[in-house]
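Here is the structure we will look at, set down as structure tokens.
The values are calculated or read from the model by the stated rules, or taken from the named source; none is laboratory data. The structure presented is a predicted model; accordingly, all values stated were derived computationally and were not measured. With ideal geometry, Cβ positions are generated from the backbone for all residues, glycine too; neighbour counts draw on all protein chains shown.
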Amino acid sequence: MNMSSRFFPFALASVLMVCLNAFAQDYPSSHKTITFVLPYAAGGPTDKAARDLAQSMSKAMGGQSIVIDNAAGASGSIGTNKVAKASADGYTLLFTHIAQATLVSFFRNLPYNVEKDFEYLGLVSENPMNLIGRPSLQANTMAELVTWAQANKGKINIANAGPGSASHLCGMLFQSTLKVDMTSVPYKGTAPAMTDLIGGQVDLMCDQTTTTIAQIEGKKVKSFAVTTPSRLTSPVLKDMPTMQEAGLKDFTVTIWQGLYAPKGTPAVVLKKINEALKTAVKDPEFIRKQEAGGASVINDARNDPAGHKAFVMSEVVKWAPIIKAAGVYAD
Ligand code: ASP
């Protein structure tokens, strides 16, 4: 090998580094669109939160175009895997919820590694859940629902967004606390499940308050309880008992949501996205929209990559034994 052929790979690597740095410094380019991959159907609570965040982050990035790609299916693992395998250039990001910590225990063969395949960008909001039922259900209160469930063992359907989704976790907890087994009906997200619940094709569902409130207000579904330790302040749900008040001891569920990039995204790009995320969570418009849905905006160490990752890893550990004990798996 002569001098010039030995020198060539180093020269090429340096040119590449210079190009990558220039590209990273230039981020976000006004000629490119940032895509938030959303692993559930359009119109559901995760979709709603992603769209609210996209709007506020776009503002924080000087009008940068941000679009949503609803890559739904397989409990959210399809969209999540799409981002794990995407170019690490900051233009394809994942917006997802608690499933980032729970799918790993539900799936025997998850096609990505939650710890190693993502850059953590920050959590943005926390949502309570709400147990709701079809409008024709012969129960109006939680006490009546418990009596009805016990009298109809083996006949009850409960909708969810697939094993490991928020609605599934909440529904599983409800069944085990009540000691009544129900038939789980999985959808690509709780938006299509909500349509079937309103139509009476399924009996029950647990969903985030950000999308249940409008349906309760419109009298399209019945509401039985919320999953927070204390009652919510939302005008529509303020008289709704908590699961604990309704006698379901230790029943609390809160769903958190955040943003991720593929592993290997340049540090300067990650910093810019994180800065925009932190501006967005202080945007009065973003806060107003979350609070109107009974959710709260996260404003603590979990807005930063290290705090976000540490929290998700602690949630993986928290949910693993609960899911294992339930013995529900997906392939
Ligand atoms: N709420 C859903 C869940 O149960 C997901 C969604 O459609 O946003 O995980």
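Please determine, by comparing only the residues of the range 50-76 that are more than 12 Å from the ligand (Cβ to nearest atom), in contact with a helix residue (DSSP H, G or I) (Cβ under 8 Å, 6 or more places away or on another chain) and polar (S, T, N, Q), which one is nearest to Val268 (Cα to Cα).
Filtering first and then ranking leaves Gln64.
Residue by residue, here is whether (1) under 28 Å from Phe106 (Cα atoms); (2) crowded, with 21+ Cβ neighbours inside 10 Å; (3) not aliphatic (A, V, I, L, M) holds:
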site: Ile255; (1), (2), (3): yes, yes, no
site: Lys278; (1), (2), (3): no, no, yes
site: Gln290; (1), (2), (3): no, yes, yes
site: Gly293; (1), (2), (3): no, yes, yes
site: Arg302; (1), (2), (3): yes, yes, yes
site: Phe311; (1), (2), (3): yes, no, yes
site: Lys318; (1), (2), (3): yes, no, yes
site: Pro321; (1), (2), (3): yes, no, yes
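Output the residue which, of all residues in the range 150-181 that are part of a helix (DSSP H, G or I), without any contact (Cβ under 8 Å) to a residue 40 or more places away in the chain and away from the ligand (no atom under 16 Å from the Cβ), is farthest from Trp256 (Cα to Cα).
Step by step, filter the range 150-181, then rank; the result is Ala151.
May I ask you to verify whether Ile255 is in contact with a helix residue (DSSP H, G or I) (Cβ under 9 Å, 6 or more places away or on another chain) and part of a strand (DSSP E or B)?
For Ile255, the condition - in contact with a helix residue (DSSP H, G or I) (Cβ under 9 Å, 6 or more places away or on another chain) and part of a strand (DSSP E or B) - is met.
Go through the range 197-222 and give me each residue that's away from the ligand (no atom under 13 Å from the Cβ), within 9 Å of Asn130 (Cβ to Cβ) and not in a helix (DSSP H, G or I).
none
State whether the residues of the range 123-141 include one that is modelled with pLDDT under 95, among the basic types (Lys, Arg) and more than 25 Å from Phe311 (Cβ to Cβ).
Checked against the condition, which is being modelled with pLDDT under 95, among the basic types (Lys, Arg) and more than 25 Å from Phe311 (Cβ to Cβ), the range 123-141 yields no hits at all.
For the range 34-78, what are the residues that are surrounded by fewer than 23 Cβ atoms within 10 Å (Cβ to Cβ), among the hydroxyl-bearing types (Ser, Thr, Tyr) and in a helix (DSSP H, G or I)?
Correct list: Ser58 only.
Go through Met142, Met194 for me and flag whichever is within 16 Å of the ligand (Cβ to nearest atom), touching a residue at least 12 places away in the same chain (Cβ under 8 Å) and either under 17 Å from the mean Cα position of the chain (by Cα) or over 30 Å from Thr279 (Cα atoms) (or both).
Exactly one of Met142, Met194 is within 16 Å of the ligand (Cβ to nearest atom), touching a residue at least 12 places away in the same chain (Cβ under 8 Å) and either under 17 Å from the mean Cα position of the chain (by Cα) or over 30 Å from Thr279 (Cα atoms) (or both), namely Met194.
Got at least one residue in the range 267-281 being modelled with pLDDT of 95 or more, under 30 Å from Thr92 (Cα atoms), under 23 Å from the mean Cα position of the chain (by Cα) and in a strand (DSSP E or B)?
no
Just give me the residues in the range 203-231 being without any contact (Cβ under 8 Å) to a residue 60 or more places away in the chain and over 17 Å from Thr242 (Cα atoms), in sequence order.
Across the range 203-231, the qualifying residues are Ala214, Glu217, Gly218.
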